[in-house]
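Written below as structure tokens is the structure these notes are about.
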Protein chains: 2
Amino acid sequence: MHDVLTAAVLRAGGTIAPLADAEGLIFADPGAAAEYPTLAAQMPNLTWVQLPYAGIETFTQHLNPELTYTCGKGTYAEPVAEHVVTLALAGLRDIWKYVPATAWNDRTGRNLLGANVTILGGGGIAEHLVRLLENWRCEITVVRRSDEPFPGAHTTVPTSELHNALATADVVVCAWALTPETTGLLDAAAFGTMKDDAWLINVGRGAHVVTDDLVAALKAGTIGGAGLDVTDPEPLPSGHPLWEIPNAIITPHVGNTPEMGLPLIAERVETNTRNFIAGQPLIGLVDPAAGY
Amino acid sequence: MHDVLTAAVLRAGGTIAPLADAEGLIFADPGAAAEYPTLAAQMPNLTWVQLPYAGIETFTQHLNPELTYTCGKGTYAEPVAEHVVTLALAGLRDIWKYVPATAWNDRTGRNLLGANVTILGGGGIAEHLVRLLENWRCEITVVRRSDEPFPGAHTTVPTSELHNALATADVVVCAWALTPETTGLLDAAAFGTMKDDAWLINVGRGAHVVTDDLVAALKAGTIGGAGLDVTDPEPLPSGHPLWEIPNAIITPHVGNTPEMGLPLIAERVETNTRNFIAGQPLIGLVDPAAGY
């Protein structure tokens, strides 16, 4: 990762400089948010920090309002949107039932074609998902902060109308950023409003879901199933009841894998380095007040 | 099925008539090809037969060149194309590995986005698959009888160039009609030309594949995996070695399930009944010489 991002900076016309001189910091290690204050304290010229992730909830306490922060939001969105389609199809078309089978099964399954899809969050994942499903005849509802119409969606509603938007969905896609406002919104009450054959796909963050409520809803048949690329806790520990529920498909945060993501964040670093040098607007700006 | 197809005939302005009077026969039972000669012998006015399936290989020996036959070809193609995407994503993104897991896994998986997709057959499934993948940046090659460019494909090649078209594919989609020319074309030699991480998706017919060669190729790692909605033999018997191969995803001929297919064939019956009454061309005409 270090080599690839160094190359991206150099391609953009940037220079790799010691901490005492550097104006920008490309923060390459997603797991090392705690080390940021020590680094920043040694960087008197620092004005811009590029973060490596799309969701920056582990970093928000370090945000300094005098600096500019950019993150990976949007850049990983296309492969994550592909993973949403993967999990939705694996759910609706009963792949979770057929994979472990060792005998010819009853012929079951439903279409994503023409389904009602409700997307929670109006960011890059929603944008790419709408595009990937363009010819799939889906009826798409986007739930976002404002009710400003989301391009390509049939209906856009504010978060206050979440439960109405859940009630008609065949597939609910959680693609929110994690903020205090969205934490735990997918709880027993939310599952209770969903159709009993609807699938929940979570590619946002595990903490959007109240896990115990989800386990209860799956066991009771309140919803049709869940495709979870993020979990709470994450990693999901061995022995957790979710592992034993057949219509819970759990993938280990692979909406974008490291291999998929590296060229994408390198492209973001290259673009932002070039724009930073030229004094042009940066891409993926963090809004410190919103926390994403 | 009988009620739904009767309603379709009536909606089109047709009349349900006894065998002695009827000019058309809507053949509703996919499993009853053997009963056709007995029925036809009691129908002196018969000029048109509507068959219920897309692939008519069980019916070809009954075709009478003096009559017009139509089948379901094309009408089931959209859900089958959706199933191709399902199996391709379940393969490339390692859903076959994650579904049986009971612990957090290594983060692996590949994209269908931007992949090389080779489609065998230039019929309705190819047409819908190209459309569903329109925004997925795939490089699509279609292998068909002629090399007449297939709409939406980047490359179209004749069947004689099959092995070249297999060699570059990340995903090979078998969507041929079953004819003597295509039977067994996916054999050890074909698998030997494929990339060792390429997935074979079969939604054509089981007999396009030499099953023993496929089992050997999967065990040897000659190809990356197989998503099979059709098998030879079909149904695949319990105890068959394919059931034990983790990267062979077997679904029980659910490209279209009976629930998905019934409204689609009803629409075909309605259109063809209306056209038959009006003396207009019928849809899904069988070419007795080609056998599909």
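The values are calculated or read from the model by the stated rules, or taken from the named source; none is laboratory data. These numbers come from a predicted model, not from an experiment. Here the Cβ is made from the backbone with ideal geometry for all residues, glycine too, and neighbour counts use every protein chain on show.
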Discussion item. Quick check on A:Thr183: is it buried (at least 23 other Cβ atoms within 10 Å of the Cβ), out of contact with any Gly (no Cβ under 8 Å at 6 or more places or on another chain), within 23 Å of A:Gly255 (Cα to Cα) and not acidic (Asp, Glu)?
Written reply: no
Fill in: Filtered residues of segment A:206-238 (kept if buried (at least 21 other Cβ atoms within 10 Å of the Cβ), over 18 Å from B:Ala103 (Cα atoms) and either within 17 Å of the chain's Cα centre (by Cα) or not β-branched (Val, Ile, Thr) (or both))
A:His208, A:Val209, A:Leu214, A:Ala217, A:Leu218, A:Gly225
Discussion item. Checking A:Leu132 against (1) under 25 Å from A:Ala198 (Cα atoms); (2) touching a residue at least 60 places away in the same chain (Cβ under 8 Å); (3) of a type in the set (A, V, I, L, M, F, W, C): exactly one of these is not met. Which one?
Written reply: (2)
Worksheet item: Do we have A:Ala126 as under 19 Å from A:Gly224 (Cα atoms) and surrounded by 15 or more Cβ atoms within 10 Å (Cβ to Cβ) here?
Response: no
Practice prompt. Quickly run through segment A:241-252 and pick out the residues that are more than 7 Å from chain B (Cβ to nearest Cβ) and among the polar types (S, T, N, Q).
Written response: A:Asn247
Worksheet item: For segment A:96-112, does any single residue satisfy the condition of being assigned to a loop (DSSP other than H, G, I, E, B) and under 22 Å from A:Ala126 (Cβ atoms)?
Response: yes
Worksheet item: For segment B:213-226, does any single residue satisfy the condition of being within 10 Å of chain A (Cβ to nearest Cβ) and part of a loop (DSSP other than H, G, I, E, B)?
Response: no
Fill in: Condition met for A:Ala34 (surrounded by 11 or more Cβ atoms within 10 Å (Cβ to Cβ) and either touching a helix residue (DSSP H, G or I) at 6+ places or on another chain (Cβ under 9 Å) or in a loop (DSSP other than H, G, I, E, B) (or both))
yes
Worksheet item: Taking interchain pairs and intrachain pairs at least six residues apart, which have beta carbon atoms under 9 angstrom, with the first residue in segment A:79-98 and facing chain B (nearest Cβ under 7 Å) and the second basic (Lys, Arg) and surrounded by fewer than 24 Cβ atoms within 10 Å (Cβ to Cβ)?
Response: A:Arg93/A:Arg110
Worksheet entry | Single residue of B:Ala220, B:Ala207 found to be at pLDDT 95 or above and in contact with a Ser or Thr (Cβ under 7 Å, 6 or more places away or on another chain) | B:Ala207
Worksheet item: Which one of A:Gln61, A:Gln50 is at negative phi, among the polar types (S, T, N, Q), in contact with a strand residue (DSSP E or B) (Cβ under 9 Å, 6 or more places away or on another chain) and more than 7 Å from chain B (Cβ to nearest Cβ)?
Response: A:Gln50
Discussion item. Which numbered condition in (1) touching a Phe, Trp or Tyr at 6+ places or on another chain (Cβ under 6 Å); (2) more than 19 Å from B:Val80 (Cα to Cα); (3) not assigned by TED's automatic domain parsing to the domain that holds B:Ile95 is the only one that B:Gly224 fails?
Written reply: (3)
Practice prompt. Could you pull out the residue among A:Ala153, A:Ala175 that is over 17 Å from the mean Cα position of the chain (by Cα) and either at pLDDT 95 or above or closer than 24 Å to A:Lys73 by Cα (or both)?
Written response: A:Ala153
Fill in: segment A:37-59, residues that are surrounded by fewer than 17 Cβ atoms within 10 Å (Cβ to Cβ) and under 24 Å from the mean Cα position of the chain (by Cα)
A:Thr58
Worksheet entry | Condition met for A:Leu200 (closer than 22 Å to A:Arg144 by Cα and either outside the structural domain of A:Gly123 (by TED's automatic domain parsing) or not acidic (Asp, Glu) (or both)) | yes
Discussion item. Anything in segment B:99-122 that is more than 9 Å from chain A (Cβ to nearest Cβ), crowded, with 20+ Cβ neighbours inside 10 Å and over 14 Å from A:Leu132 (Cβ atoms)? List them, or say none.
Written reply: B:Val117, B:Thr118, B:Ile119, B:Leu120, B:Gly121, B:Gly122
Discussion item. What are the pairs with Cβ atoms under 6 angstrom where one residue, in segment A:1-28, is under 24 Å from A:Thr257 (Cα atoms) and the other, located anywhere, is among the polar types (S, T, N, Q)? Sequence gap at least six, or different chains.
Written reply: A:Val9/A:Thr273; A:Ile26/A:Gln50
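Residues checked against (1) in contact with a strand residue (DSSP E or B) (Cβ under 9 Å, 6 or more places away or on another chain); (2) more than 21 Å from B:Arg107 (Cβ to Cβ); (3) in a loop (DSSP other than H, G, I, E, B); (4) more than 10 Å from chain B (Cβ to nearest Cβ):
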position: A:Thr231; (1), (2), (3), (4): yes, no, yes, no
position: A:Glu234; (1), (2), (3), (4): no, no, yes, no
position: A:Gly239; (1), (2), (3), (4): no, no, yes, no
position: A:Val254; (1), (2), (3), (4): no, no, yes, no
position: A:Ile265; (1), (2), (3), (4): yes, no, no, yes
position: A:Arg268; (1), (2), (3), (4): yes, no, no, yes
position: A:Arg274; (1), (2), (3), (4): no, yes, no, yes
position: A:Pro281; (1), (2), (3), (4): no, yes, yes, yes
Fill in: Considering residues of segment A:131-155 that are among the β-branched types (Val, Ile, Thr) and surrounded by 21 or more Cβ atoms within 10 Å (Cβ to Cβ) only, the residue farthest from the other protein chains (Cβ to nearest Cβ)
A:Val143
